[in-house]
Amino acid sequence: MKVMIVVTHLLGTGHLSRALTLGRAFVQDGHQVLVVTGGMPAPQLNVTGMTLLGLPPLRSDGTDFTRLLTQTDEVADVAYLAGRQAALVEAVRSFAPDVLITELFPFGRRSLSAEFIALLKAASALPKRPVILGSIRDILAPPSKPSKATRAEEIVLTTYDGVLVHSDPQMVSLDVSWPVSERLRPRLYYTGFVAPEAAPPHPDALGQGEVLVSAGGGSVGQPIFRAAIEATQKMTNRRWRLLVGGQDAQVRIAQLSNLVGIANVTVEPVRPDFRQMLRHAAASVSMCGYNTALDILQAATPAVFVPFDDGNEVEQTLRAQSLSDQPGVALVASHDLSGASLAQAVDRVLNAPARPVPDHGFDGAAKSVEIAKALLERRG
């Protein structure tokens, strides 16, 4: 079976990371996978076993997802976007997938609707139309007006065979963040959470006893890092390690290093062994993106979540609230973030009862493979 996954990450790398986890599950089941990515390069992510095709890359202007910038920080013009669209259409025609998966669209990425619609039309016109599936996380950005939800639903009902919802409906139903109509509900396939296998312990026990501070792979999180440096002055008995991501990581690392002074702090770029380090960390401080939250739950690390809420984003806040009743989990809203509030929250989770390691619910990638195969077999 040939599987094509199309994803454009515009701010962090979470969407791409989840798409690659999904792709690896198809590879492990013996299928050929092409991942077409339209965001900025993310060389730290694992693409083993898959073919990766990069479109001319885009990123959002901060949380303004209607203003799209190129790798040289220029506003993407009509010609640039047309080049992406042409490459995407050519990719689906030449690869001729049995299964086509669009990550987030049509529930998001409305600024890229033209290229996704062109992709769907080209796929539908292939001699053998592929099974077409959407792929969405547990919580979406709620539509700002009813027409956006209506438009997404129309696209699903006319073009898609189903939507993979990477959540457990007993924990987080899509209805929490999106108006699910009775027409849309039968097209939803809950897969459970999409996460890699739980990471083994780090061979060098790196991170042992540390407070591990991260903010994903994008160029955000500087307020969290600054608050962490301030918090170290109140918790001098522990080493804090700050993992900084994004295209401008080196500049931001230099800025933060100037603030450290004699504090017991390490500041370095994001690391591929982050998930293994979580197994040893005394506590984690992070935002509450989908992938990071699952990493922390799998490792059972005491955690302080500072949800990303710039530009009226509510997804991470909703997720953090749903997790905050678990042992060893604390939430600090961005408007309450300071060195003092962060130190207090870290102290609370360090002294909380241990949280058990979950033993199920994280096999959403494998279940997605089974759903795709079943839909393809049903078509015959």
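Under 8 Å for C-alpha pairs, at least 6 residues apart: give me the relative contact order for the chain, rounded to a whole percent. It would help to have the intermediate numbers written out before the result.
Numbers: 752 pairs, mean separation 58.0, N = 380.
RCO, the chain: 15 percent.
So what's the net charge close to residue 276: Lys and Arg +1, Asp and Glu -1, counting the other residues with Cβ under 11 Å from its Cβ? Walk me through the numbers on the way to the answer.
Values: positive: 271, 275, 279; negative: 204, 273, 295.
Taking every other residue near residue 276 into account, the sum is 0.
Taken over region 211-350, the convex hull of the Cα atoms encloses 97 Å³ per residue. Between helix 113-124 and the chain there is an angle of about 50 degrees, using the helix long axis and the longest principal axis of the Cα atoms. Once the Cα atoms are used to define both axes, helix 146-159 deviates from the longest principal axis of the chain by about 50 degrees.
I need the shape label for region 276-324. Rule: rounded when a/c is under 1.5, else prolate if a/b > b/c, else oblate, with a, b, c from the alpha carbon gyration tensor. Taking the square roots of the gyration eigenvalues as a ≥ b ≥ c, region 276-324 is prolate. Neighbours of residue 10 by Cβ distance under 15 Å: Lys/Arg scored +1, Asp/Glu scored -1, total -1. Remark on residue 329: its backbone amide H falls under 5 Å from those of 303, a criterion applied only to residues 5 or more positions apart or on other chains, H modelled at 1.01 Å from N.
Using a/c under 1.5 as the rounded threshold, could you call region 17-118 rounded, prolate or oblate? The axes a ≥ b ≥ c are square roots of the C-alpha gyration tensor eigenvalues, and prolate needs a/b larger than b/c, oblate otherwise. Since a/c reaches 1.5 and a/b is larger than b/c, the shape of region 17-118 is classed as prolate.
Of the residues 239, 151, 226, the one that moves most in a GNM of the chain with alpha-carbon contacts below 10 Å is 151. Matching the structure-derived semi-axes √(5λ) of the Cα gyration tensor in Å against the labelled list (1) 35, 27, 16; (2) 36, 22, 19; (3) 45, 22, 18 gives the label (2). For the chain, the longest principal axis of the alpha carbon atoms and the long axis of helix 364-379 meet at an angle near 10°. Rounding to the nearest 20 debye, state how big the charge dipole of the chain is about its Cα centre with +1 on each Lys and Arg Cβ and -1 on each Asp and Glu Cβ. Dipole of the chain, to the nearest 20 debye: 520 debye.
At a 10 angstrom cut-off on C-beta neighbours, averaged per residue, how do the peptides 247-256, 162-171 rank from highest to lowest? Could the numbers behind the result be given before it?
Values: 247-256: 14.6, 162-171: 18.8.
Going by the mean number of other Cβ atoms within 10 Å, highest first, we get 162-171, 247-256.
Karplus-based coupling profile of region 169-184, in residue order and whole Hz: x, 6, 9, 9, 8, 4, 4, 4, 10, 9, x, 8, 7, 5, 6, 7, with θ = phi - 60° in 6.51 cos²θ - 1.76 cosθ + 1.60 and x standing for Gly or Pro.
Sort region 199-238 into rounded, prolate or oblate with this rule: let a ≥ b ≥ c be the square roots of the eigenvalues of the Cα gyration tensor; rounded if a/c is under 1.5, and if a/c is not under 1.5, prolate when a/b is larger than b/c, oblate otherwise. It comes out oblate by the Cα gyration axes.
Quick note: the coordinates plus some simple rules give every number you see, no bench work behind them. Not measured: the values here are computed from a predicted model. Please note: Cβ atoms are built from the backbone with ideal geometry, for glycine as well, and neighbour counts cover all protein chains shown.
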